[in-house]
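Notes follow once the structure below has been shown.
The values are calculated or read from the model by the stated rules, or taken from the named source; none is laboratory data. Computed from a prediction, not measured in an experiment: that's the story for all the values here. A quick note on method: Cβ atoms are made from the backbone with ideal geometry, for glycine too, and the neighbour counts reach across all protein chains shown. Heads up: the accessible areas ignore ligands, DNA and RNA and are worked out on the full protein's heavy atoms, side chains in. Shrake-Rupley method; radii C 1.70, N 1.55, O 1.52, S 1.80 Å.
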Amino acid sequence: MKKLGFGFMRLPLINSEDPASIDIETVKKMVDIFMEKGFNYFDTAYPYHKEKSEEALREALVKRYPRDSFIIADKMPTIRVTGTSDYPVLFENQLKRVGVDYFDYYLFHNIWKKSFRETEEYGGFDFIKEKINKGQIKHFGFSFHDTPELLDEVLTKHPEVELVQLQINYLDWESPGVRSRECYETAVKHGKKVIVMEPNKGGSLINIPEEAERLFKAANPNASNASWAMRFAGSLDGVFMVLSGMSKVEQLLDNISFMDDFKPISDEENNIIKQVAQIIEKSLAIGCTKCRYCTDGCPVGIPIPEYISAYNSYILTKNMGNAGMYYRRHAAGKALASECIKCGKCEQNCPQHLKIRNILSEIADTFEIK
Ligand code: SF4
Ligand code: SF4
């Protein structure tokens, strides 16, 4: 199987301010190119694109290609589960939204301390077994954003898990917050297949500092920054799929150009990547991946990732004019950073373990006139 998976979480939009406004005609075009080049793995989830991602997959892929020509991975939204009876309702809804009668891969979405406890308490693992026995799930796993210690505990208790989806990229590899390498090594120790998410860290590894880009270009003038990040993730033993959330045809074509005839990263290239990671680390203010897990439960509706992005832009460029404009644009009609009531719900869902409350205070101090 080719190692590039099409993530349906950053699809092209008609209105860049509205994640639900998926540009379905461009998505169809991208799906056609992807399939024509021999790639066939698609990843979606219940909440992506304000719950429109699964339907987009049905329209762009399922209705237009034979079922046995593609592979679909979908995820149980653990955040929506409040009891045992929610599992069949959500699962049936997903089958309907995607327009299929089985999922090739099915994962619990975002297993962490709390969601793991609840999944066990509500009988989530038994529910999956039942669906596997009925043939509605072919392979089973979970996506994970917590510590390697918890990952070890989950995999020890549930050897039936076949695969783990992990955040792996060269910037997080040794990060004390994400502990990417340790999580990867834990999954491999348990003999699990690994799916990589966020190989570009939500785009942070595409627009990198000039000094870092110069190192990449000196080593290979024709390779994109994305190619270094994707190949880093795909070169790890045990990784069977690297997901990329693609929003432009050009991105798709670039990904295909190096993932088609995949060449693992050499030792020499790995050394360059380490130097680049050090340069980026120094320049990044806040490592937000724009996953939006934080925004759903915010009682005042603060557009957290947009505000962080504006703040990062200010820290990187020191250009208050542009960054301030970006902040004000996102703040229009929404709660300001200073309106955060410090309830902490967002921090519980943040896979990067960001101290969002403190960050919002800094953002308010930076952008808001007192
Ligand atoms: S701490 Fe602030 S930003 Fe986070 S969920 Fe609560 S109100 Fe929203
Ligand atoms: S603050 Fe955390 S949860 Fe929110 S978008 Fe950024 S990384 Fe995701």
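A simple spin-label model places pseudo-atoms 7 Å from Cα toward Cβ; at residue 63 and residue 114 they are separated by 3.7 nm.
Each Lys and Arg Cβ is given +1 and each Asp and Glu Cβ -1; about its Cα centre, the chain then shows a dipole of about 480 debye. Shown here are the Rg and Dmax of the Cα trace of segment 122-203, at 13.7, 41 Å. Here the spin labels are modelled as points 7 Å beyond Cα on the Cα-Cβ line, and at residue 218 and residue 1 they lie 3.9 nm apart. Taken along its principal axes, the alpha carbon cloud of segment 7-74 reaches lengths of 34, 21, 17 Å, longest axis first.
Measuring nothing but alpha carbons in segment 75-141 and taking Rh as the Kirkwood radius, the Rg to Rh ratio lands at 0.93. Could you check what % of the DSSP bridge pairs in the chain are antiparallel, to the nearest 5? Counting DSSP beta bridges with both partners in the chain, the antiparallel share is about 5 percent. What is the distance in Å between the Cα centres of segment 212-263 and segment 1-67? If you average the Cα positions of each part, the centres end up 19 Å apart. Here the chain has 50 percent of its accessible surface on carbon and sulfur atoms, given a 1.4 Å probe and all protein chains in place.
Rounded to the nearest 0.05, what FRET efficiency do residue 357 and residue 328 have when you use their Cβ-Cβ distance and R0 = 25 Å? Once rounded, the FRET efficiency stands at 0.70.
The coefficient of translational diffusion for the chain, derived via Stokes-Einstein from the alpha carbon Kirkwood radius under 20 °C and 1.002 mPa s, stands at 100 µm²/s.
Computed extension gain for residue 121 through residue 345, at 0.36 nm per residue and net of the alpha carbon distance, reaches 78.5 nm. Ranked by the mean number of other Cβ atoms within 10 Å of their residues, highest first, the peptides 224-231, 194-201 fall in the order 194-201, 224-231. The slack in the chain from residue 93 to residue 267, taken as 0.36 nm per residue of separation less the alpha-carbon distance, amounts to 58.0 nm.
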